[in-house]
Amino acid sequence: MFGQRRPAYYERKITIALDKTQQLVTSLVMMVEGEIVGQKYKFYYPLRVRYVETDAQRHVFFGNYLTYFDVSLIEYTRAIGYNYPDMVTSGVDMFYVEANCQYKGRAYFDDLLHVHTRIGHIGNTSFTFEFAIYKQPANESIATGRIVAVTVDARTEQPVRVPDGLREAVARFEGETAQP
């Protein structure tokens, strides 16, 4: 009888050890540039990959990740209470002057993605959106990136100071002091 129990006991121990290992691996997968998802990013926009966004290799065409960033940054500004249409109405617009994307994995048709977004830096006339895309439900890192925007007078298209309203909205939402 002892011989029959022993394998089950060891099997349970191995299962527990594997579960703990899987939890550790999952935690590591959730790391992005040294920060755990949810600590660096307080906002994400859920997005389901449409068939039209895939390429001949059946995964998301690389250029679409910049579109995902753009969609999420508009939703982010809405969530923080300073949306893009209101900014333009106030006479200020923004031009993207830099965009980059680092590809970490692949997403396919019908995958659910969470596009994490934040404004990570505010300068005098520019600010930087930061992004991390995770495939659900495993929080698999798919892409990271950033977009630098310069604020301009909507009429003259000349650079202007980042509006105080945007600075305040970011500070309230992110819980940080807006940078000068």
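The values are calculated or read from the model by the stated rules, or taken from the named source; none is laboratory data. Note that the coordinates shown come from a computational prediction; the quantities given were computed from them, not determined experimentally. Every residue, glycine as well, gets a Cβ built from its backbone with ideal geometry; the counts of neighbours run over all protein chains shown.
Exactly one residue out of His116, His121 is in the same structural domain as Ile74 (by TED's automatic domain parsing), under 22 Å from Thr67 (Cβ atoms) and modelled with pLDDT of 95 or more: that is His116. What are the residues in segment 83-103 that are touching a Pro at 6+ places or on another chain (Cβ under 8 Å) and not β-branched (Val, Ile, Thr), if any? Hits for segment 83-103 are Met87, Ser90.
Quick check on my filter: what residues within segment 142-162 are hydroxyl-bearing (Ser, Thr, Tyr) and touching a strand residue (DSSP E or B) at 6+ places or on another chain (Cβ under 6 Å)? Selection gives Thr144, Thr151.
Out of contact with any Lys or Arg (no Cβ under 9 Å at 6 or more places or on another chain), surrounded by 15 or more Cβ atoms within 10 Å (Cβ to Cβ) and either assigned by TED's automatic domain parsing to the domain that holds Val170 or not small (Gly, Ala, Ser) (or both): is that true of Thr77 in this structure? Yes, satisfied.
Between a first residue in segment 50-74 that is among the β-branched types (Val, Ile, Thr) and a second residue that is assigned to a helix (DSSP H, G or I) and surrounded by 11 or more Cβ atoms within 10 Å (Cβ to Cβ), which pairs have beta carbons less than 7 Å apart while being 6 or more apart in sequence or on different chains? Hits for this filter: Val60/Glu53; Ile74/Tyr84. Selection of segment 95-115 for residues being hydrophobic (A, V, I, L, M, F, W, C) and closer than 15 Å to Ser72 by Cβ yields Ala99, Cys101, Ala107, Leu112, Leu113, Val115.
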